[in-house]
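**Q** Please find one structure pasted underneath; my questions will follow.
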Amino acid sequence: MVTVRIVEQPGAGRGLVTENALREDDVVATICGAECRSYPTRTSVQIAADRHIDGLQVVAYLNHSCEPSTYVDVKALTVTAAAAAP
């Protein structure tokens with residue numbers, strides 16, 4: 001089981017980090033209980049051209065990265081490790 005926590009990141013606000021080493025394709029979080037919307041919000045994730053999910057609990061703290069360590073699988077509704085991370 002992967003343990004995640006919310007941390008304050010200087011200059012970037014709050015973000016989500018894991019306390020475990022990850023292998024590529026490890027599931028970091030499962031998205032459940034999300035609300036579907038036809039419009040974006042500050043914390044929503046776009047899952048189709050006109051669909052967004054919101055009410056994501058800790059997943060809402062994922063930060064944008066040009067070199068992301070995770071990705072959101074919009075079909076499985078999971079956050080998954082993009083590569084191994086120590």
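**Q** Considering only residues that are under 17 Å from Val2 (Cβ atoms) and touching a Lys or Arg at 6+ places or on another chain (Cβ under 7 Å), look in segment 50-81 and name the one that is surrounded by the fewest Cβ atoms within 10 Å (Cβ to Cβ).
**A** Tyr61
**Q** Would you point out the residue of segment 64-75, among those that are in contact (Cβ under 8 Å) with a residue 24 or more places away in the chain and not in a strand (DSSP E or B), that is nearest to Glu8 (Cα to Cα)?
**A** Taking the candidates together, the pick is Ser69.
**Q** Six or more apart or on different chains, Cβ atoms under 6 Å: show the pairs whose first residue is in segment 43-63 and among the small types (Gly, Ala, Ser) and whose second is surrounded by 14 or more Cβ atoms within 10 Å (Cβ to Cβ).
**A** Pairs that qualify, where the first residue is among the small types (Gly, Ala, Ser) and the partner is surrounded by 14 or more Cβ atoms within 10 Å (Cβ to Cβ), are Ser44/His52; Ser44/Asp54; Gly55/Ala34; Ala60/Thr43.
**Q** Here is a further query. Please state which of the following conditions Ile31 fails to meet, knowing it meets all the rest: (1) on the phi < 0 side of the Ramachandran plot; (2) over 12 Å from the mean Cα position of the chain (by Cα).
**A** All conditions pass for Ile31, except number (2).
**Q** Do you know which of the residues in segment 1-31 that are among the small types (Gly, Ala, Ser) and assigned to a strand (DSSP E or B) is farthest from Thr43 (Cα to Cα)?
**A** Per the stated criteria, the residue is Ala29.
**Q** Tell me, which residue of segment 5-42 that is of a type in the set (Ser, Thr, Tyr) and in contact (Cβ under 8 Å) with a residue 40 or more places away in the chain is surrounded by the fewest Cβ atoms within 10 Å (Cβ to Cβ)?
**A** Across segment 5-42, the extreme among qualifying residues is Thr30.
Each reported figure results from applying straightforward, stated rules to the coordinates on display, with no laboratory input. Everything numeric in this text was worked out from a predicted model, so none of it was measured. Here the Cβ is made from the backbone with ideal geometry for all residues, glycine too, and neighbour counts use every protein chain on show.
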